[in-house]
Amino acid sequence: MDDRRPLPPTPVLETERLVLRPLAETDTPTIQRIFPQWELVKHLNALVPWPYPDDGAATNMADCLAQRARGEKFFWAITLKGDDTLRGRIDLWPHDGQTRDSRGFWLDPELWGQGLMLEAADAVTGYAFETLGWTELYLTNAQSNAASHRIKEKQGAELVDLTPNVYVSGPDLRETWILRRDAWLARKGK
């Protein structure tokens, strides 16, 4: 993949029901309120502290904004159209040739089951493939995270590997997927 560092500024992306805007420090209190829910964090990498500390969102925000300032990653707040309040997050970064992971996301459990995460993932994937010209995205999830698995299937990703990993909930297999630009564009009729 053509690694275009530093990355350009995080753009605003709009879908039918969502506005994905750059993550901002003002989102910290909302993240601290929404994020520490077991059903949301249990499938995340064990690097996420649990129980989630009172300064967890502030610590993570400082790290994210520093990575963004260095042009290493994109961080979007997922908001509903007409309401600028963060309801989730989606991140994107170029493949580094080693980790085989290029995107991460989470959504407020109150909004699960409505197809919003797929909508956000499609917007970010479109940006990666159509605007940035990336040729592939590596995507991962805990095998027990059926919802994340389905999003990857719906996007046309191919499962390429299963490896042991540790998540907040404990050991599980890590599913590694590849989503290729040509296949995604063909699926979208572009």
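Ordering THR85, PRO29, ALA146 by Cα displacement along the dipole of the chain toward the positive end leaves ALA146 in first place; charges were set at the Cβ atoms of Lys, Arg (+1) and Asp, Glu (-1).
Legend: P(r) of the chain from all alpha carbon pair distances, 10 Å bins from 0, whole percents, reading 9, 37, 41, 13, 0. Averaging Cα coordinates gives a centre for the stretch 117-190 and one for the stretch 3-36; these two points are 19 Å apart. Here the calculated FRET efficiency for TRP112 and LYS190, from their Cβ-Cβ distance with R0 = 25 Å, stands at 0.30, rounded to the nearest 0.05. Rolling a 1.4 angstrom probe over the protein heavy atoms with all chains in place gives the stretch 11-149 an accessible area of 45 Å² per residue.
Each of ALA186, VAL160, GLN67 was placed along the dipole of the chain (beta-carbon charges, centred on the mean Cα), and the one lying farthest toward the positive end is ALA186. Candidates THR99, VAL124, LEU173 compared by Cα position along the dipole of the chain: farthest toward the positive end lies VAL124, with charges placed on Cβ. If you plug the beta carbon distance of ALA58 and ARG5 into 1/(1 + (r/R0)^6) with R0 = 35 Å, you get a FRET efficiency near 0.85.
Rounded to the nearest 20 debye, the dipole magnitude of the chain is 380 debye, with +1 charges on Lys and Arg beta carbons, -1 on Asp and Glu beta carbons, and the Cα centre as origin.
By accessible area, using a 1.4 Å probe on protein heavy atoms only, the stretch 1-128 has 52% of its surface on carbon and sulfur. In the complete set of protein chains, residue-level accessible area for LEU159 is approximately 80 Å², probe 1.4 angstrom. What the phi angles of the stretch 113-127 give under the Karplus curve with 6.51, -1.76 and 1.60, with θ = phi - 60°, is a coupling list of x, 10, x, 5, 5, 5, 4, 5, 4, 5, 5, 5, 5, x, 4 Hz, glycine and proline written as x. Averaged across orientations, what area in nm² does the convex hull of the alpha carbons in the stretch 48-161 project? Its Cα hull, projected and averaged over all orientations, spans 8.6 nm². Amide H contacts of ILE78 (H built 1.01 Å from N, in plane; Pro and chain starts excluded): ARG87, GLY88, ARG89, ILE90 sit under 5 Å, all sequence-distant by 5 or more or on other chains.
The values are calculated or read from the model by the stated rules, or taken from the named source; none is laboratory data. Quick caveat, the model's predicted, so the values are computed rather than measured. Because the Cβ atoms are built from the backbone with ideal geometry, glycine has one as well, and the counts that use them run over all protein chains shown. Surface accessibility is based on the protein's heavy atoms, side chains included, excluding ligands, DNA and RNA. Shrake-Rupley method; radii C 1.70, N 1.55, O 1.52, S 1.80 Å.
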